[in-house]
Amino acid sequence: MCGITGFVDWNIKSSKEVLEKMNKTLNHRGPDSGDLQFFQNESCQVGLAHKRLAIIDITESGRQPMQFEHFWITFNGEIYNFNEIKRELSNLGHSFKGHSDTEMILHAYAQWGDKCLEKFIGMFAFVIYDTIANDIFCARDRAGVKPFFYYLKDGLFLFSSELKAFHEHPHFQKELNLDAVTAFMQYGNVPTPYCIFENCLKLKPGHTLKIKLPFADSKTNQYWNVYDAYNQPKTDISFEEAKTETEKILQSACEYRMVSDVPVGVFLSGGYDSACVTALLQKNRTEKLKTYTIGVPDIGLNEAPYAKDVANYLGTDHTEIYCTEKEAIDLIPDLSFYYDEPFADSSALPTTLVSKLARKDVTVALSADAGDEIFAGYNRYDYLLRFGKKIQNIPSLARHTAAGIMNFVPSNSIPILKHKYNFHNRYEKLKNILKDPSSERIMLSLSEQFTDKQLNNLFRFDVKKINTAYLSKELQKDFYSPLSYMMAIDYQTYLVDDILQKVDRATMTVSLEGREPFLDHRVIEWAAQLPNEYKYFEGNKKYIVKEIVHQYIPKEMMDRPKMGFAIPIANWMTNELRDYLESFVNEKVIREQGIFNWEYVNKLKTDFFNGKKEYDMKMWYLLMFQTWYDRWMK
């Protein structure tokens, strides 16, 4: 894993010095080396830069930008099956200087063009400059594990793993995209392909971008789509056969992600997904896997004892660390630097802390992200399947009356439930579900923090809702089910813009490469066609994964409620962070900024401090936007 950046400047106003400045902003992504190549031809200037975290072929032959014949590449990620593809290329007459996957990509592109992507198993974002065809080819992996931002305006094309590099180019115009701001306040992130800045975009997962340099023409193309798997008949297979094949595919995905020339570890939370990865990897090994977990007992986040039990049972070399609440809170001011686009998932804090822990011993860490999206693990799927029909059967008047009453009853006044995990946020979202309990509306209500009506009250300008993958109609009627609908939407939205962005930035904060076996494209292509009851069976989420895990770890050790990274932000913002919040969310700042309606913000804040804890996420989103704005827009 590394950092990439560069430009194409048709105005001929860039320089090697500008490229160096852009590259330095990514030091944390690649501390081992940093190189660049600067080209100037008749029509434009081209800059390719790279910050290297050496993982495969850590010798000088793995340095980037790398050249093969008339092709140059800067590449972030890993192609796990690169040795098999190299053998195929060798049989076709290719010869290699080193043993890096980067060199393989160049040869594969020279041999097959963009069709080479179909052969890759991995995570990647790369740019190839063809000096003879005089074009730029950009590609992002199928699931969107690796980030790719780009800017195109007035004869200037910029690209990078992180937005902060753009700020170093003197002709980058950081104009706020107000539509993206409204989307952030709704979802807690800026949905792909949009970006917080005007004329900036994220390259969609499973897409390529090609630019013809003499004409400054750009064209995107989709080479992979998760809906191609969902829009297929369900596989006619017994559960036992499905379990065997699922384990086989997961085993392959896990083993591929152990390929490395540096030490590798595994994040072990004690939940089913990480236990699955650990069990599959440890079962055929004599050497002990290095596993890592974190506990923050002060805030009720402590899966460490469960993870330790799993580690002891499987026989891993386990490390656990207990952090204090203060250590977590102290990270908050730095979030806006590493997440240089507004980002509001508070679990970024423990993810960063466990990454710091692991980096002391290893350079690569496997995590179990996407198990929920692929195998139906989220509670919202449970709510939809258990309660969706029941809520729909309640008369409309009764539902709207109940939602109205809830507006006057703060969540914090409800005994017992107020102490439950994530209750306050769920209470707020239930109001919207009662108003419209269709599958599509339930999905949106559970994904949105501010409703459309609330957004119109929040902002001083007319709100325009952008078209996102949340509104996708690509799941065909013949293959539609509420569960498939929600999982496919999550795979293209919450997974890409929240989970993967969180893990990428948290690990890269400490120059740690994160790898996700569940995001091997073969896993989702297989799982999407499994019968729904193999994933969600009689109220049992992730059923097939659990049955695989129970072959290696006793059910009684694993069978407990899903914990998740529950950060007590409501308590923090009313206590330790209150002064911090007040410094960013006050009348003077809000009015001078001119984005938000102060009267609405003030009422929201007043109600929150007076006991409406269900507004905690709304206030957190505001705080995260304000801290980002303070760092990057002033």
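For this structure, a couple of remarks:
- All helices (runs of 4 or more DSSP H) inside the stretch 360-475 with 3 or more residues being on the phi < 0 side of the Ramachandran plot, of a type outside the set (Gly, Ala, Ser) and at pLDDT below 90: 379-392, 396-408, 423-435, 439-447
- Any helices (runs of 4 or more DSSP H) falling wholly within the stretch 260-335 and containing at least 2 residues that are in contact with a Leu (Cβ under 7 Å, 6 or more places away or on another chain) and among the hydroxyl-bearing types (Ser, Thr, Tyr): 272-282
- Options ASP309, ASP345, ASP330: the member that is touching a residue at least 40 places away in the same chain (Cβ under 8 Å), within 30 Å of LYS24 (Cα to Cα) and acidic (Asp, Glu): ASP345
- Tabulated pairs, the stretch 10-36, first at negative phi and part of a loop (DSSP other than H, G, I, E, B), second surrounded by fewer than 16 Cβ atoms within 10 Å (Cβ to Cβ) and at pLDDT 95 or above, C-beta under 7 angstrom, 6+ apart or interchain: TRP10/GLY155; ASN11/GLY155
- Test: residue in the stretch 478-491 that is within 30 Å of HIS28 (Cβ to Cβ) and crowded, with 18+ Cβ neighbours inside 10 Å: yes
- Residue in the stretch 247-259 that is at pLDDT 95 or above and surrounded by fewer than 14 Cβ atoms within 10 Å (Cβ to Cβ) present: yes
- The stretch 14-70, residues that are in contact with a Ser or Thr (Cβ under 6 Å, 6 or more places away or on another chain) and of a type in the set (Gly, Ala, Ser): ALA49, GLY62
- Residue match in the stretch 560-568 (condition: outside the structural domain of LEU176 (by TED's automatic domain parsing) and in a helix (DSSP H, G or I)): no
- LYS204 passes every criterion in (1) in a loop (DSSP other than H, G, I, E, B); (2) basic (Lys, Arg); (3) out of contact with any Lys or Arg (no Cβ under 8 Å at 6 or more places or on another chain); (4) surrounded by 17 or more Cβ atoms within 10 Å (Cβ to Cβ) apart from (3).
- Scanning the stretch 78-134 for residues that are in contact (Cβ under 8 Å) with a residue 40 or more places away in the chain, among the acidic types (Asp, Glu) and assigned to a helix (DSSP H, G or I) turns up ASP101, GLU103, ASP114, GLU118.
- Subset of the stretch 29-86 [closer than 15 Å to ASP130 by Cα and β-branched (Val, Ile, Thr)]: VAL46, ILE73, THR74
- Any hit, the stretch 155-163, residues being farther than 21 Å from GLN501 by Cβ and surrounded by fewer than 17 Cβ atoms within 10 Å (Cβ to Cβ): yes
The values are calculated or read from the model by the stated rules, or taken from the named source; none is laboratory data. Since we're looking at a predicted model, the values are computed, not measured. Every residue, glycine as well, gets a Cβ built from its backbone with ideal geometry; the counts of neighbours run over all protein chains shown.
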